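Student: One structure coming up, written as structure tokens, with questions to follow.
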2 protein chains.
Amino acid sequence: MYSDGMSTSERLIEATRELLWERGYVGTSPKAIQQRAGAGQGSMYHHFTGKPDLALAAIRRTAADLRAAAEAAFAGDGTAYERIAAYLLRERDVLRGCPVGRLTMDPEIIADDELRAPVDETLDWLRGRLAGIVQEGLDQGEFAAHVVPGEIASAVVATVQGGYVLARATGSPEAFDAGVRGLLSLLSPRPPGPAEPAPPSFFHATAPLQLPPHTRE
Amino acid sequence: MYSDGMSTSERLIEATRELLWERGYVGTSPKAIQQRAGAGQGSMYHHFTGKPDLALAAIRRTAADLRAAAEAAFAGDGTAYERIAAYLLRERDVLRGCPVGRLTMDPEIIADDELRAPVDETLDWLRGRLAGIVQEGLDQGEFAAHVVPGEIASAVVATVQGGYVLARATGSPEAFDAGVRGLLSLLSPRPPGPAEPAPPSFFHATAPLQLPPHTRE
DNA sequence: GTCTATAACTCGATAGAC
DNA sequence: GTCTATCGAGTTATAGAC
């Protein structure tokens, strides 16, 4: 229940964002939104034409947030591998799932092109951004020459989205982390280890990111 | 709506399975189940104590089916890589999503340990089975020595689960296939291509499965 | 802008006739 | 075993007072 300096319509959008994340579209009722926002029926229907309209505003904002968070991970100046690793290892509320990806399991989101569009565009942007980084890595000789940027990008995003599924099934973020580590170990220019010989100077290899013992869990 | 030789309780379970797959637990009402099963309120509450009880029966059956389908892909006598590829490339109703995995996004499934248990156990079994196959591949020198079986297994299952997310977001199975191809290209003992030199006889490498232009899509 | 009132319906379940 | 009737609560809104 919000009581801050937010306007009523702001509070309605924020409450909807939370509930869509927690319970999905089908599982979220206008009444629940109003209660969490501290607003009456009339307020909601004054500012929005109905549940789909409000959900659209909420989804667009959540999509923009996710994009910004991903961009922050990509924006570093490391190697392609390091930037992909930074994205995969960025802090996440693993057990809450992906606020955008989870919407794809909602029948009424998928059935409504207007509600599905921001979800589609966000994941599409993410794959495109990752594909570009993989291409840079290929140009630098960081990855095996036969890999296809768009395919690696899809595998990266899928590993994240599927990692949420595994984590929620087990009730622990462990499986998410395991999947990410597995993918990174396959993507890594060379295996980790202290007994590593120095790479020849003509080879553009870089040390893989050390996996931090992160705080989550 | 079923009218076959199925008993009423069978029809209720099958109808529930379909609806859980299409709409999830929160999105599935007893009334919808009864209508699809062609049964009245009284029948449902005679055979089952309520919605959770019926859902549990449906989920257990769906979990058993998924396990059997996966086992069929694993049971082949190819290399570890080939059996993992067979699992990843097996026919799927990609746009319908995973009937087990999708349940993890349902707040009421996750909140109820009895309903979550079969989901958890199924995905856990799947990861364990895959980890065993990766270990076999390691023993045969099929994979890079530094990979960790449990991590690769998690990445494989996550890629599938996340592939469903991408496919449903775009409305096409293409992104699912791309992710799977990407993961296989990273896992592949050596890059594909006709100009491949024959491996030295002491090396256990095997040709990667040709990706079939499969019928889905 | 926000509130309450009301509508027509569905929710998950129980009771009891047949 | 299956049916209909009924329950109290919740759903998605509209209407209209303030």
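The values are calculated or read from the model by the stated rules, or taken from the named source; none is laboratory data. Every value quoted in this text rests on a predicted model; they were computed, and no experiment measured them. Neighbour counts run over all protein chains shown; Cβ positions are idealised from the backbone, glycine included. Surface areas here come from the heavy atoms of the whole protein model, side chains and all, with no ligands, DNA or RNA. Shrake-Rupley method; radii C 1.70, N 1.55, O 1.52, S 1.80 Å.
Student: In chain B, carbon and sulfur make up what percent of the accessible area (probe 1.4 Å)? Working shown, then result.
Tutor: Details: 4940 of 9370 Å².
So the carbon and sulfur contribution to the accessible surface is 53 percent.
Student: Oh, and also: Is the shape of the stretch A:6-61 rounded, prolate or oblate, going by the alpha carbon gyration tensor and its root eigenvalues a ≥ b ≥ c, with a/c under 1.5 for rounded and a/b larger than b/c for prolate? The partial results should precede the final answer.
Tutor: Details: a/c = 1.39, a/b = 1.32, b/c = 1.05.
Judged from the Cα gyration tensor, the stretch A:6-61 comes out rounded (a/c under 1.5).
Student: Indicate the gyration tensor shape class of the stretch B:88-196 (rounded, prolate or oblate), computed on the Cα atoms with a ≥ b ≥ c the square roots of the eigenvalues: a/c under 1.5 is rounded; otherwise a/b larger than b/c is prolate and the rest oblate. Before the final figure, lay out the partial values.
Tutor: On the way: a/c = 3.20, a/b = 1.41, b/c = 2.27.
Oblate, because a/c is 1.5 or more while a/b does not exceed b/c.
Student: Compute the label-point distances linking B:Ala86 to its equivalents in the other copies; points lie 7 Å from Cα along Cα→Cβ; give nm, one decimal, shortest first.
Tutor: Once sorted, the set of distances for B:Ala86 reads 4.3 nm.
Student: Report the label-to-label distance for B:Ser172 and A:Glu10 in nanometres (one decimal), using points 7 Å from each Cα along the Cα→Cβ vector.
Tutor: 4.1
Student: Taking the 0 to 90 degree range and rounding to the nearest ten, how far is the long axis of helix A:51-74 tilted relative to the main principal axis of chain A, both from C-alpha atoms?
Tutor: Taking the Cα atoms of chain A, the angle to A:51-74 is about 20 degrees.
Student: Other chains near B:19-27: what is the mean number of their Cβ atoms within 10 Å of each residue's Cβ?
Tutor: Details: counts 1, 0, 0, 1, 5, 6, 2, 7, 8.
Across B:19-27, the average partner-chain Cβ count within 10 Å equals 3.
Student: What number comes out for accessible area per residue over the stretch A:8-187 if the probe is 1.4 Å? Units Å², please. It would help to have the intermediate numbers written out before the result.
Tutor: Values: 6410 Å² over 180 residues.
Accessible area per residue: 36 Å².
Student: Looking at chain A as a GNM with Cα springs under 10 Å, which of A:Ala158, A:Ala117, A:Ala169 has the largest mean-square fluctuation?
Tutor: Among A:Ala158, A:Ala117, A:Ala169, the largest mean-square fluctuation in the Gaussian network model of chain A belongs to A:Ala169.
Student: May I ask for the accessible area buried between chains A and B, both sides summed, probe 1.4 Å, to the nearest 100 Å²? Walk me through the numbers before you get to the answer.
Tutor: On the way: alone 11410 and 11410 Å², together 18750 Å².
In total, chains A and B hide about 4100 Å² from solvent.
Student: Given only helices, namely DSSP H runs of n ≥ 4 each adding -39500 (n - 2.57), what is the per-residue ellipticity at 222 nm of chain A, to the nearest 500 deg cm²/dmol?
Tutor: Working: 9 runs with 133 residues, N = 217.
Rounded to the nearest 500, it is -20000 deg cm²/dmol.
Student: Let me ask another. Just read off the accessible area of A:Asp124 with the full protein assembly in place, 1.4 Å probe, to the nearest 10 Å².
Tutor: Its heavy atoms expose roughly 80 Å² to the probe.
Student: When all protein chains stay in place, what accessible area (Å², nearest 10, 1.4 Å probe) is found for A:Glu91?
Tutor: Accessible surface of A:Glu91 is approximately 150 Å².
Student: Rounded if a/c is under 1.5, else prolate if a/b is larger than b/c, else oblate: which is the protein assembly as shown, with a ≥ b ≥ c the root eigenvalues of its Cα gyration tensor? Intermediate results must be reported in sequence, preceding the final value.
Tutor: On the way: a/c = 2.27, a/b = 1.37, b/c = 1.66.
Oblate shape, in that a/c is at least 1.5 and b/c is the bigger or equal ratio.
Student: Moving to a separate point now. How much FRET efficiency would the formula 1/(1 + (r/R0)^6) give for B:Arg90 and A:Asp77, where r is the Cβ-Cβ distance and R0 is 51 Å, rounded to 0.05? Present the calculation step by step, with values, prior to reporting the outcome.
Tutor: Values: r = 42 Å, r/R0 = 0.82.
Plugging the Cβ-Cβ distance into 1/(1 + (r/R0)^6) gives 0.75.
Student: Rank A:Pro118, A:Pro30, A:Pro99 by mean-square fluctuation in a GNM of chain A with C-alpha springs under 10 angstrom and give only the top-ranked residue.
Tutor: Result: A:Pro30 has the largest fluctuation of those listed.
Student: Moving on to the next point. Give the angle, between 0 and 90 degrees and rounded to the nearest 10, that separates the Cα long axis of helix B:80-89 from the longest principal axis of the Cα atoms of chain B.
Tutor: Around 40 degrees separate the two axes.
Student: Just to confirm a number: summing +1 for Lys and Arg and -1 for Asp and Glu over residues other than B:Gly76 whose beta-carbon lies under 10 angstrom from that of B:Gly76, what do you get? Intermediate results must be reported in sequence, preceding the final value.
Tutor: On the way: positive: B:Arg83; negative: B:Asp77, B:Glu82.
Net local charge, B:Gly76 excluded: -1.
Student: Sort shortest first the distances from B:Ala73 to its counterpart in every other copy, using label points 7 Å along the Cα-to-beta-carbon line, and give them in nm.
Tutor: Inter-copy label distances (nm, one decimal, shortest first): 2.5.
Student: What's the angle, to the nearest 10 degrees (0 to 90), between helix B:8-23's Cα axis and the longest principal axis of chain B?
Tutor: The answer is roughly 60 degrees.
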